[in-house]
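The values are calculated or read from the model by the stated rules, or taken from the named source; none is laboratory data. All values reported here derive from a predicted model rather than from experimental measurement. Cβ sites come from the backbone with ideal geometry, for glycine too, and all protein chains shown count toward neighbours.
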Amino acid sequence: MRLPIVIGAFFALTAVMAGAFGAHGLRNLVSERSLEVFQTAVTYQMYHAIALVLAALLSGFGLSRRLLGLAAGFFLVGILLFSGSLYTLVLTDIRWVGPITPIGGLCFMIGWALLLSAGARRQVDKGRG
């Protein structure tokens, strides 16, 4: 599962870049509330970039590659929908993207539930061995 590591590292890198842009480039261009929204997008992007890397690394501990791959997929889609919609909202003021944000949040939750399931199954399987 090398691809989630590469994608996760890419999204972590771009989260740092977006955070710097928000802190220095947007400060005088958007409202304080918009800066908070932008920072939320950066924060969730970083958390889930790390989750992508974690999902890949956990495959080396005998957890279900299928569940970890699905979790990584949901983390990726969550980043694109959640953080992407918030970035779009702040940078373009296009309001119709707002309802997309919760779908991204749901993807994050599904990803974490799949990761939880992979870990729980490993414990059950290990106990039987």
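Regarding Leu70, is this residue assigned to a helix (DSSP H, G or I), crowded, with 16+ Cβ neighbours inside 10 Å and modelled with pLDDT of 95 or more? Walk me through how you get there before you give the answer.
Details: assigned to a helix (DSSP H, G or I): yes; crowded, with 16+ Cβ neighbours inside 10 Å: yes; modelled with pLDDT of 95 or more: yes.
It is true that Leu70 is assigned to a helix (DSSP H, G or I), crowded, with 16+ Cβ neighbours inside 10 Å and modelled with pLDDT of 95 or more.
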Checklist entry - Does any residue of the range 21-43 turn out to be touching a residue at least 40 places away in the same chain (Cβ under 8 Å), buried (at least 19 other Cβ atoms within 10 Å of the Cβ) and within 30 Å of Arg121 (Cα to Cα)? => result no
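Identify, from the list Val42, Val53, the residue that is of a type outside the set (Gly, Ala, Ser) and in contact with a Phe, Trp or Tyr (Cβ under 9 Å, 6 or more places away or on another chain).
Val42
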Checklist entry - Within the bounds of the range 1-8, is there any residue that is closer than 20 Å to Thr101 by Cα and surrounded by fewer than 21 Cβ atoms within 10 Å (Cβ to Cβ)? => result no
Checklist entry - Which of the residues that make up the range 92-105 are touching a residue at least 12 places away in the same chain (Cβ under 8 Å) and aliphatic (A, V, I, L, M)? => result Val97, Ile100, Ile103
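Yes/no per residue for (1) more than 27 Å from Ser117 (Cα to Cα); (2) among the polar types (S, T, N, Q):
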| position | (1), (2) |
| --- | --- |
| Ala15 | yes, no |
| Phe21 | yes, no |
| Arg33 | yes, no |
| Val53 | no, no |
| Ser59 | no, yes |
| Ile79 | no, no |
